[in-house]
1. Nearest 10 degrees, 0 to 90: what angle lies between the long axis of helix B:166-184 and the longest principal axis of chain B (Cα atoms)?
2. Residues with amide H under 5 Å of A:Phe67's amide H, sequence separation 5 or more or different chain, H placed in the peptide plane at 1.01 Å from N; which?
3. How large is the Kirkwood hydrodynamic radius of the range B:42-83, in angstrom, based on all distinct alpha carbon pairs?
4. From the C-alpha coordinates alone, can you work out the Kirkwood hydrodynamic radius of the range A:47-122, in Å?
5. What order do you get for A:Met21, A:Met97 when you list them from fewest to most C-beta neighbours inside 10 Å?
6. In whole Å, what are the Cα extents of the range B:97-253 along the three principal axes, biggest one first?
7. Could you list B:Asp286, B:Asp161 so that the one with the fewest beta carbons within 10 Å of its beta carbon is first and the one with the most is last?
8. Divide, for the range B:1-111, the radius of gyration over alpha carbons by 2.2 N^0.38 Å, where N is the residue count.
Amino acid sequence: MDLKKLLQPFKLEKNLYKKPMTLVFPKEALPPVENYRGRQLLNIETCVGCGMCSRVCPNDAIVMVEFNDKKCPQIHLGKCCFCGLCAENCPTGALEMTSEIFIAGYDRSFALYDPEKLSKSE
Amino acid sequence: MMDLPFFTVPFGPCHPSSGHFHASLKLDGERVVEVIPDPGYLHRGFEKLMEYRTFLQNSPLVDRICILDPFAAELGYVNAAERVLEIEAPERGKFIRTIMAELGRILSHITWIGVTSMVLGLDSGCKIAWGDREPIIRINEKVTGGRIYPCYFIPGGVRRDLPGTFPEMIENVFDRLEKNIEQYDFLVFNNESFRLRMENVGTLKTQEAIDLGATGPNLRATGLKADLRKDDPYEVYDQLNFDTVTQKKGDAFSRGLCRRFEIEESMKIIRDALQKIPGGDFKNKDFKPFTKAKEKETYFCCESARGEQCYHMVGNGTNKPYRAKVRGPSFSHTLEEFPYLAKNSYIADIPAIYWSLDPCPADVDR
């Protein structure tokens, strides 16, 4: 038998001394990327209530609601597909995408972000 | 001797190697007598959904047609939409789209290596392939903002410019990938048990493949040089240097080899495109969220990782397509070729035949 062929499997032994490809998730998560499309953040002062975000949303996740005597977006993150079209088409830049991804909750109402909740970053 | 009834075995939709696709296998002992495909477990009705969304809103939607190769689905859509809207993307936008579409092809082929080695019982191949997929997904994340669903191409260009560090990111990933391709050769493609299960299984001749509607690597593995990037160049493929990968035998193993060499070819295309990429605008400012289409009908085909991804689109003067028809490559691969090849084969060869065609159940059902 060919000796080279016989010893071939031992080539893979070098993988024993390599670092693992995986991460121990909650302790060492991947660092967030700049310009990531996570959950939205609203700046209530610059929002003019034009409703462009709700018109451009492909899933109808955004509804304009009365807040502090003007109209502001309210986002249902259960419907949101995180495409980022709302933030991209916002004329004043009041709505922006953050790199916040840990937005899970225990019931459905947690996913409903009214203007006040939307304007707070964690 | 007593005539025994055929034994029917379900393949999928919860089988570890079938995806969300179901087929009933009629067995005579170990031999498969008939295959009755039963798609529809992943039907989401894209064609109807596209009629209710504007041309901009459809861009995030078509990503979901094939999750493993989202860039090609977007590329076909935006080109068809651009023809209906009568707008042209700037040269830089076209280069960026070509680069990202090729990156999507690499991503899809690496996933294929991983899944196929896994269903054939070679788990280490799967782990290495999924490890290789991660740095490319990380590039996706940095360029487009999304890991799996890029939502990146829009009619008239792309949504963001490439980051300044893009060439270095690509070089880092490709250096690593080139080393790992040698490892795939050693671990997967020259592996005796892998070859025994893939060679001379599910052999398809060129004429048969054409008759059954095969496209992409499945057709090229039979020896025919059929590549839309060469035959009917779109985007900037006519300016780039690359070869069409073909194999001769047309069996499951040569379909795999075709994909393995296409990874290298795609790396060549991206490196070539990064040298030729011009400056300037990356999107056409004429395209607005509610731009109206002309009264026009078009049909556009592009070469995805699995084959021809085509869109038939009709505009009627509003900002939504009047009709959009999607032709996915996996449809004919899974519903025509798979029953044809699986007939009269052994049941143990079914995963090898099925995965050598690189089907995507999401693309079959749409």
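The numbers here are math on the coordinates, done by the rules we state, and not lab data. Everything quoted here is computed from the prediction, not taken from an experiment. In this analysis, Cβ positions are derived from the backbone assuming ideal geometry, glycine residues included, and neighbour counts consider all displayed protein chains.
1. That helix lies at roughly 10 degrees to the long axis.
2. A:Cys72
3. 10.5
4. It works out to 12.7 Å.
5. A:Met21, A:Met97
6. 47, 37, 25
7. B:Asp286, B:Asp161
8. That ratio works out to 1.58.
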